[in-house]
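The values are calculated or read from the model by the stated rules, or taken from the named source; none is laboratory data. Predicted model only: the values in this text are computed from it and were never measured. Neighbour counts are summed over all protein chains in view; Cβ atoms, including those assigned to glycine, are modelled from backbone coordinates with ideal geometry.
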Amino acid sequence: MIINDSEFADIPTPTGPMGTCIFRPVAPGRYPGVLLFSEIFQITGPIRRTAAMIAGHGYVVAAPEIYHELEPAGTVLAYDQAGADRGNACKTAKEIAAYDGDARAALDYLKSLECCTGRLGVAGLCIGGHLAFRAAMNPDVLAAVCFYATDIHKKSLGRGMNDNSLDRAGEIKGELLHIWGRQDPHVPLDGRNLIKARLENVGARFTWHEVNGAHAFMRDEGPRYDPELAYRCYGLVLELFHRSLGSGETAVGPGGMRH
C-alpha cells in the first residue's frame, strides 16, 4: 500500500510532550495500530524504514522519541560510539514509570485516531524490544514483537538499573514473538534461557526464534545487517499482526476498486 510518512504528533505524557512520527496508508479507511519502539538512537533512517514497511501492509504505526524528556525534540543519535554512549546514558537516566507512561499515552493516541480500528500491537528493536515487552503488559495490546530485547535478563533498564520486567511477565496476555541473534553479545545464551523459562512458567503465549545473526542484524545500515534474515523475520512479524490484529477496513472507490 502507498503510505503517508510525513505526519508528526506531540503526544502528551506524564513527563511532557513526546514527539512521534506517524506512518499510515494513504487509502481512506481504518487500520490496526502498531506502536514501534526504536533502538537507543531514536528515530533513525532504519527505524523510519521499518515503520514504513509495517504501515505499507495495512497498519497505522506510531514511532515515538523514547528520550523525549532528555533530548531536544527531533534528536537522532548517530550510529557511532558517541551516539551509543549517549543513548546508553539516557537508557538508565529515565525512570521506568516514565517509559510505561509513554507507552500508555501512545497506545491511547493510536486508539483515538479515526483511521485506527482500536486493535493494537507493539514492536521494538534492542531497547525497543524491551519497551515492547513492557508495553505488552497493557491489557489492550493483542500482539508484541521483541527483536533482541536488551536488559530484560539483567533487569537493568531505567534509573537504578533494577527493572521488574521479568517479574511482571505474567501480566502479558497478548501473543509474543521473540527473535534473537545467537551471536548477540548483549543477550547471551543464559540470558535468553532465563527469559524463555520465565515465559514458560507464567504460561505466556509466545513464539521463540533464534537465528544466526549479530546484534542489530535487522538494521539496514552498517556491517551487521543481514538482508536475508531481515526478510524472513519481517514475514514472521506480519503473520502475527495479520492474525492477531486483523485487517483494515479500506474504503471502496468507484467501480468497486479498492484504493
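Looking across Ser156, Ser112, one residue alone is over 16 Å from the mean Cα position of the chain (by Cα) and within 23 Å of Arg198 (Cβ to Cβ). It is Ser156.
In region 112-128 there is at least one residue that is over 22 Å from Ile40 (Cβ atoms), part of a helix (DSSP H, G or I) and not hydrophobic (A, V, I, L, M, F, W, C). Scanning region 76-111 for residues that are surrounded by fewer than 21 Cβ atoms within 10 Å (Cβ to Cβ), of a type outside the set (A, V, I, L, M) and under 16 Å from Ala136 (Cα atoms) turns up Asp100, Gly101, Arg104, Asp108, Lys111. Taking the criterion of being in a loop (DSSP other than H, G, I, E, B) and either at pLDDT below 95 or on the phi > 0 side of the Ramachandran plot (or both), would at least one residue in region 58-66 satisfy it? Within region 58-66, one or more residues are in a loop (DSSP other than H, G, I, E, B) and either at pLDDT below 95 or on the phi > 0 side of the Ramachandran plot (or both). Among the residues of region 149-193, those identified as on the phi < 0 side of the Ramachandran plot and among the acidic types (Asp, Glu) are Asp163, Asp167, Glu171, Glu175, Asp184, Asp190. In region 117-132, the count of residues that are surrounded by fewer than 20 Cβ atoms within 10 Å (Cβ to Cβ) and either of a type outside the set (Gly, Ala, Ser) or touching a residue at least 60 places away in the same chain (Cβ under 8 Å) (or both) is one or more. A Cβ distance below 7 Å, combined with a sequence gap of six or more or placement on separate chains, defines the contacts here; from region 95-109, residues that are of a type in the set (D, E, K, R) reach residues that are part of a helix (DSSP H, G or I) in the pairs Asp100/Arg134.
Do you know which residues across region 179-191 are out of contact with any Ser or Thr (no Cβ under 7 Å at 6 or more places or on another chain) and either part of a loop (DSSP other than H, G, I, E, B) or crowded, with 20+ Cβ neighbours inside 10 Å (or both)? Scanning region 179-191 gives Ile179, Trp180, Gly181, Arg182, Gln183, Asp184, Pro185, Pro188. For Ala52, the conditions (1) over 19 Å from His130 (Cα atoms); (2) not in a helix (DSSP H, G or I) are fulfilled apart from (2). Only residues that are assigned to a helix (DSSP H, G or I), of a type outside the set (A, V, I, L, M, F, W, C) and at pLDDT 95 or above were counted in region 208-259, giving 10.
Checked against the criterion of being in a loop (DSSP other than H, G, I, E, B) and either within 30 Å of Gly248 (Cβ to Cβ) or not polar (S, T, N, Q) (or both), region 94-106 contains one or more residues that satisfy it.
If the condition is being at negative phi, part of a loop (DSSP other than H, G, I, E, B) and surrounded by fewer than 24 Cβ atoms within 10 Å (Cβ to Cβ), then region 2-40 contributes Ile2, Pro12, Thr13, Pro14, Thr15, Pro17, Val26, Ala27, Pro28, Ile40.
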